[in-house]
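One structure is given here, and the rest of the page talks about it.
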Amino acid sequence: MEYFECDVPSGDGLCSDNWCPCSKTVIPRGTGYLYIDQSLVDFRSQYRTMKSVGEAMGRGVVGPQIDMPIGLFRWGPILVCRRGAKLRNIDLKIAAADAKYWWKTGEVPLRATPLMYESVEKEVNLLKEKLKSVQELKDKGDVEQLIKVLRSKESAGVRQAAADALGEIGDLKALDPLIAVLKEKRPYIHFDWVYVAAARALGEIGDSRASETLESIANNKREFSSVRKAAVKSLKKIQERTD
Ligand SMILES: [Zn+2]
């Protein structure tokens, strides 16, 4: 990531967003949200240091004028309170991280603050990509890679897809990794579809070595009902196979 310089106030900051209905909320040092807009990025990409932007101003160069009284221009991003950041629909996590970094270093990322929907869209696209690659692994019958995904720290949706794929393929190599998923230590309030998918996949594979783990899930009253139900169903399937 590239950055440009912007002086940090000596004390606390103020919400300086003219769009924000708050009346200059005090923003304690180190906090708040930075709103960086594209016109500022375009401008500051030519003048990255405070010195060069100061010289440009001295020569009468005019920067972006958005949200300021006419005749003035901005050379830095807008520090904004939570309310203002929400109204602008910017990605709160990124804007807060940018602000924190700026307070610490006096540097601002040389890119516009993403809007919330852009970040969500990006994540959804990334997830779609990953799900697509799991689908491709399934089509190829690449059990080893699917097990890798299952064991990874990928999001639950991706791991769930891997567990489902392994169940459908039905290769015995997946038995232990799937059992391991169900034995993962987790806070009992933590629900993930990957556990349902793992319990289901063990039923598809149908090997009785999974029975013990599935039984303990089925009998665990603290377990989520959808995980327990999947375990009960899979136990039945395994039973039917061995009968
Ligand atoms: Zn505000």
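Using the C-alpha atoms of segment 1-128, what convex hull volume per residue, in cubic angstrom, is computed?
Per residue, the Cα convex hull of segment 1-128 comes to 109 Å³.
Given a Förster radius of 35 Å and the C-beta distance between LYS51 and LEU126 as r, what FRET efficiency does 1/(1 + (r/R0)^6) yield to the nearest 0.05?
The computed FRET efficiency comes out at 0.35.
Ranking SER211, SER226 by Cβ neighbours within 10 Å, fewest first, what do you get? Before the final figure, lay out the partial values.
On the way: SER211 17, SER226 13.
Listed from fewest to most nearby Cβ atoms, that is SER226, SER211.
Identify unpaired cysteines across the chain, taking unpaired to mean no other cysteine Cβ lies under 4.7 Å from the residue's Cβ.
Cysteines lacking a close Cβ partner in the chain: CYS6, CYS20, CYS22.
Kindly flag which residue pairs out of LYS100/LYS148; LYS183/LYS237; LYS122/LYS237; LYS86/LYS122 have an alpha-carbon separation exceeding 30 Å in this structure.
Among LYS100/LYS148; LYS183/LYS237; LYS122/LYS237; LYS86/LYS122, the Cα-Cα distance tops 30 Å for LYS100/LYS148; LYS122/LYS237.
Run the helix sum for the chain: -39,500 (n - 2.57) per DSSP H stretch of 4+ residues, divided by residue count, reported at 222 nm to the nearest 500 deg cm²/dmol.
The helix-only estimate for the chain comes to -17000 deg cm²/dmol at 222 nm.
Assuming R0 = 35 Å, what is the FRET efficiency of LYS173 and ARG222, from their Cβ-Cβ distance, to the nearest 0.05? Before the final figure, lay out the partial values.
Values: r = 31 Å, r/R0 = 0.87.
In this case the efficiency is close to 0.70.
How would CYS6, CYS22 line up from fewest to most surrounding beta-carbon atoms within 10 angstrom? If you can, show how the numbers build up before the last one.
Details: CYS6 23, CYS22 14.
Ranking CYS6, CYS22 by Cβ neighbours within 10 Å, fewest first, gives CYS22, CYS6.
Summarise the long-distance tail of P(r) for the chain by giving the % of C-alpha pairs beyond 25 Å.
58 percent
With labels modelled as points extended 7 Å from the Cα through the Cβ direction, what inter-label distance (nm, one decimal) is found for GLU184 paired with GLN239?
2.8 nm
For an R0 of 25 angstrom, estimate the FRET efficiency from the Cβ-Cβ distance between MET1 and SER152 and round to the nearest 0.05.
In this case the efficiency is close to 0.45.
Can you give the angle from 0 to 90° between the axis of helix 116-140 and the longest principal axis of the chain, with both taken from C-alpha atoms, to the nearest 10?
Between helix and principal axis, roughly 30 degrees.
Specify the angular offset, from 0 to 90 degrees and rounded to the nearest 10, of the alpha carbon long axis of helix 225-242 from the longest principal axis of the alpha carbons in the chain.
Compared with the principal axis, the helix lies near 30 degrees.
Each value in this text was obtained by applying a stated rule to the coordinates, not by laboratory testing. In this text, all values refer to a predicted model and were calculated from it rather than measured experimentally. For neighbour counting, all protein chains shown are included, and Cβ atoms are generated from backbone atoms with ideal geometry for every residue, glycine included.
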